[in-house]
Amino acid sequence: MAVSATRPLDTAALRADFAFLEELVSGKPLAYLDSASSTQKPRQVLDRMRSFYEHEYANVHRGVYRLAERATEGYEAARRTVAGFVNARAPREVVFTRSATEALNLVAYAWGLENLGPGDTVLITELEHHANFVPWQFIASKTGASFRHIPIDDLGELRLETLDELAQEGPIKVVATGLVSNSLGTINPIERLAAWAHEQGAIMVVDAAQAAPHRTIDVQALGCDFLALSSHKLCGPSGVGALWGRAELLEAMQPFNLGGEMIRSVGLEKTTFNELPYKFEAGTPAIAEAVGFGAAIDYISEIGLPAIEQHEHDLTVYAMGRLSELDWVRLFGPPAERRAGIVSFDVEGIHPHDVAQILDWEGIAVRAGHHCTQPLMARLGVSATTRASFYLYSIPEEVDRLVDGLHKVKKNLG
Ligand code: PMP
């Protein structure tokens, strides 16, 4: 990926923030190479959540007493942090959700049910995570819209030359795509897709779950209409994510979840709804988790997204180089310049689950499976891959251990 020169990460200092690195697995230090699935949490995030629970906790937006005001301020400060992180025009454009999955469901249901109909097309990609695939497929079938995909080439990159042909098949109303593929690491050209989507009169929905932890996100520069992200992928707690949306689109949408907090007034005859963003936050939210999400954004922002990106890029180049020395390992995906810190591969003749099992005996955690991208697996002609993924605490020695571990896999099962 194109990155500017940045100061290298001080991984030794950063690793001291992560208690999990003290864990031994099979008597060996843990090489955690599954950050694309979920990241580990630094002490700073855990300390902030503990202190919030101990000194600031109450339900939000309700009490008039001071503790409730403090809790609300902590929660709303986290919203401002997320808004700044994605360069939203205003904090009210940020809705806290349970996850990136819920954020994408919110758009598919609340926007899609009202705005899609027979003859319209929803366009996703062959790379898509199920979270940005299944909700659109479902809502398209409910509304009678067509559900089409942008195909990929053999390197796992979008075949943009197919766009014009796809546009001839009927009005495209939604283009929904990930910024970074969780299976291959492919970085998609969102600016270009967003400009094209708008030319078609479509909205552009971006799944940034896999991108936000690793590169600067600017919703205004991307030119998108909605963007989903997740806390647990960027050193924050699970159970919370966010949807950013253009205020005018969010204003026009019906609510997604209904209940307390999201109302203005409730009567036996009629209920009216709250203003943004509360209209989309029914019930008690994940309060301390939102605060932890904000603390995680502060943590990675202080380190610097460009430095994190460069670090992962260097590790990816190293890992791809070392893995390509093994002629019985097949690598999937584009060159390192056009991918994030994710390396998916196949060990000839050995099922990925067996690969991951033997690596676990060596204290190496990798992911084996379809990675919630079954249509992509079908395109690659495999049922599963083994995936190593990196984050700011990953180091080259862990890549070396992965390669040594793969030699053991080959010796035992090859
Ligand atoms: N999209 C992508 C690209 C992902 O990698 C993931 C998580 N695996 C999701 C969406 C879902 O995110 P969450 O776990 O927050 O629902």
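Here are some notes:
- In the range 176-209, of all residues being β-branched (Val, Ile, Thr) and within 16 Å of the ligand (Cβ to nearest atom), the one that is farthest from the chain's Cα centre (by Cα) corresponds to ILE190.
- Residues that are in contact (Cβ under 8 Å) with a residue 12 or more places away in the chain, surrounded by 19 or more Cβ atoms within 10 Å (Cβ to Cβ), among the basic types (Lys, Arg) and more than 16 Å from the ligand (Cβ to nearest atom) occur in the range 270-282; there is at least one.
- Tabulated pairs, the range 207-234, first over 18 Å from GLY245 (Cβ atoms) and hydroxyl-bearing (Ser, Thr, Tyr), second more than 8 Å from the ligand (Cβ to nearest atom) and not in a loop (DSSP other than H, G, I, E, B), C-beta under 9 angstrom, 6+ apart or interchain: THR216/PHE85; THR216/LEU305; THR216/PRO306; THR216/GLU309
- One residue stands out in the range 114-153 among those that are of a type in the set (A, V, I, L, M, F, W, C) and touching a residue at least 60 places away in the same chain (Cβ under 8 Å): the one that is surrounded by the fewest Cβ atoms within 10 Å (Cβ to Cβ), namely ALA131.
- As for the range 361-382, it holds at least one residue that is within 26 Å of GLU23 (Cα to Cα), in a helix (DSSP H, G or I), out of contact with any Gly (no Cβ under 7 Å at 6 or more places or on another chain) and at pLDDT 95 or above.
- So ALA108, is it crowded, with 23+ Cβ neighbours inside 10 Å, closer than 20 Å to PRO255 by Cα and over 16 Å from the mean Cα position of the chain (by Cα): yes
- With respect to the conditions (1) more than 16 Å from the ligand (Cβ to nearest atom); (2) more than 17 Å from LEU179 (Cβ to Cβ); (3) of a type outside the set (S, T, N, Q); (4) touching a helix residue (DSSP H, G or I) at 6+ places or on another chain (Cβ under 8 Å), PHE138 falls short on a single one, namely (1).
- Residues of the range 227-260 satisfying the condition of being under 30 Å from ILE308 (Cα atoms) and away from the ligand (no atom under 16 Å from the Cβ): GLY245, ARG246
- Taken over the range 348-362, the criterion of being of a type in the set (Asp, Glu) and exposed (fewer than 14 other Cβ atoms within 10 Å of the Cβ) is satisfied by GLU348 alone.
The values are calculated or read from the model by the stated rules, or taken from the named source; none is laboratory data. As the structure is a computational prediction, the values presented were derived from the model and not from experiment. Here the Cβ is made from the backbone with ideal geometry for all residues, glycine too, and neighbour counts use every protein chain on show.
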